[in-house]
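Input: a single structure, listed below in structure tokens.
The values are calculated or read from the model by the stated rules, or taken from the named source; none is laboratory data. Keep in mind that this is a model prediction, so the values were computed, not measured. Counting neighbours? That spans all protein chains shown, and the Cβs are built from the backbone with ideal geometry, glycine included. For the accessible areas, the whole protein counts, side chains as well, though only heavy atoms, and no ligand, DNA or RNA atoms are used. Shrake-Rupley method; radii C 1.70, N 1.55, O 1.52, S 1.80 Å.
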Amino acid sequence: MIQILLPVLLIIVVYLFLNIHQKYHKSKINLPPGSFGWPLLGETLALLRAYWDGVPERFIQERVDKHGSPLVFKTSLLGEHMAVLCGPAGNKFLFGNENKLVAVWWPLPVSKLFGRSLITTRGDEAKWMRKMLLSYLGPDAFATHYASTMDVVTRRHIDLHWRGKKEVKVFQTVKLYAFELACRLFMSLEEPSHIEKLGSLFNIFMKGILELPINLPGTRFYSANKAAAAIRKELMIIIKERRVELKEGKTSSSQDLLSHLLTSSDENGRYLTEKDIANNILLLLFAGHDTSTVTITLLIKSLGEHPDVYEKVLKEQLEISKAKEVGELLKWDDIQRMRYSWNVVSEVMRLNPPTTGAFREALVDIEYAGYTIPKGWKIYWSAASTHKDESNFEDVTRFDPSRFEGAGPTPFTYVPFGGGPRMCLGKEFSRLEILAFLHNIVTNFKWDLLIPDEKIEYDPMATPVKGLPIRLHPHHV
Ligand code: HEM
């Protein structure tokens, strides 16, 4: 008996000692000001309310004012103790300390649903995976080669879903475009029924991403998990078929992302496994299609609200068309010339950043702005609140693309794609996608917004509540 009791007693004593020691140690730590809110829920509901009201920056602004600490405050979100680092100083600190003081962190459902992929790896393994993916998606490879493919897909989409229509619901239609485009460029999928099948699985998958990870029948997370398994199964079939086609010389290594990843190794001859490829394609479909959908939708809204800006964009795009042969596709050089148009897109993303912010985890106790952020705490940075701060942008709510002329905004005040080693991997992809779409839409149509001042709600990305219905007016040439 004593042989059993002694170790148990010892464990209890050690546990109590560590607990008391930790509490004593923590009580001496100068934590940032703020509140952990309700047990378990923390301040998550206040954050969600700000999102639903279409003002995600409100959560941070209210707490900065309340706690009188403009650089950092503590809170509790998604069941985690969290420090929120505010403004350009916080962004600079986090982007500059990846893998040193902090590392990327995603809420549990995200890491569970994606499996081993870029966003669930850290350190050298993440660096390696990023390098492998960037060899296709980076500015040198992707942007210079794929402008014309983007243009082909965009033209076909506009012919099918916009031409001949009097009215269009922008959000749903653009979502279809972004998904089709990603399926085409990542895997050369073109068969509409195949894309539709993947698309509906994908919609179920997306609904589980911000849910509690309870894997029981009836929960959204359970359905998302099942959908993720079905998508992975489908991707594995596509991957195996492609490997055979490559072996038989029926397709080239530059055909799309999939062929590229199957045939490219690093300098040590290491390849991504088929499972890694499937998980990363799932990730890219997720990271890429809603962000671009939201940006294009809000771009169309802003151009409908600002006819003077629309006219200037149209002028720039017509100059590009006029310099080309009839039917000639867009090239990389043409995209480079769309300067004013990109400034307009940038202003849209300033006012409604498609990704409102992201998380990190403290790898050590961090000293910041006179406070300590304990090791293991999660940290949040916010594009939404940085972009909507009057001290970073004068007349902050005014739509004004000229802010991006010349040297543009001060470093770390404009961060729609994040920064540092974890900066968005799809920046070039989305620039090309958005500008190819913009070129084709303004050179074909003008439009009226059917619901003036349609409310934008964040769920979790900015979405017009009625899907942005518009009336189309084709240009007569
Ligand atoms: C307007 C469009 C887009 C915006 C605003 C956007 C924004 C962002 C932001 C802010 C991050 C950084 C998150 C962090 O700091 O942890 C990020 C990461 C990422 N984005 Fe994008 N994104 C866009 C489009 C895309 C597209 C089209 C793709 C894929 C083709 C993509 C793939 C990724 C990936 C894989 C990451 C994770 C990078 C890593 O952890 O190393 N994004 N994106």
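Overview of values
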item	result
Residue in the range 266-280 that is farther than 27 Å from F202 by Cα, in a helix (DSSP H, G or I) and either touching a Phe, Trp or Tyr at 6+ places or on another chain (Cβ under 8 Å) or open to solvent by 10 Å² or more (accessible area, probe 1.4 Å) (or both) present	no
Every residue from the range 412-424 that is under 25 Å from K131 (Cβ atoms) and open to solvent by 20 Å² or more (accessible area, probe 1.4 Å)	F412, F417, G420, P421, R422, M423, C424
Neighbours by Cβ (under 9 Å, 6+ apart or cross-chain): first from the range 254-265, more than 16 Å from A182 (Cα to Cα) and open to solvent by less than 30 Å² (accessible area, probe 1.4 Å); second aliphatic (A, V, I, L, M) and in a helix (DSSP H, G or I)	L262/I239; L262/L246; L262/I277; S264/M132
Segments classed as strands (runs of 3 or more DSSP E), wholly inside the range 330-391, with at least 1 members that are within 16 Å of the ligand (Cβ to nearest atom) and closer than 13 Å to A83 by Cα	357-362, 378-382
Any pair with Cβ under 6 angstrom, 6 or more apart, that starts in the range 274-290 at a residue that is closer than 23 Å to R431 by Cβ and ends at one that is of a type outside the set (A, V, I, L, M, F, W, C) and within 13 Å of the ligand (Cβ to nearest atom)	N280/S117; L283/S117; G288/G426
Breaking point among (1) in a strand (DSSP E or B); (2) aromatic (F, W, Y); (3) surrounded by fewer than 20 Cβ atoms within 10 Å (Cβ to Cβ), for F73	(3)
Test: F404 is within 16 Å of the ligand (Cβ to nearest atom) and either more than 30 Å from P33 (Cα to Cα) or open to solvent by less than 20 Å² (accessible area, probe 1.4 Å) (or both)	yes
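Condition check ((1) touching a residue at least 60 places away in the same chain (Cβ under 8 Å); (2) of a type in the set (V, I, T); (3) open to solvent by less than 30 Å² (accessible area, probe 1.4 Å)) across all residues:
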| position | (1), (2), (3) |
| --- | --- |
| Y310 | yes, no, yes |
| L314 | yes, no, yes |
| K322 | no, no, no |
| V326 | no, yes, no |
| L330 | yes, no, yes |
| I335 | yes, yes, yes |
| S346 | yes, no, yes |
| M349 | yes, no, yes |
| L363 | yes, no, no |
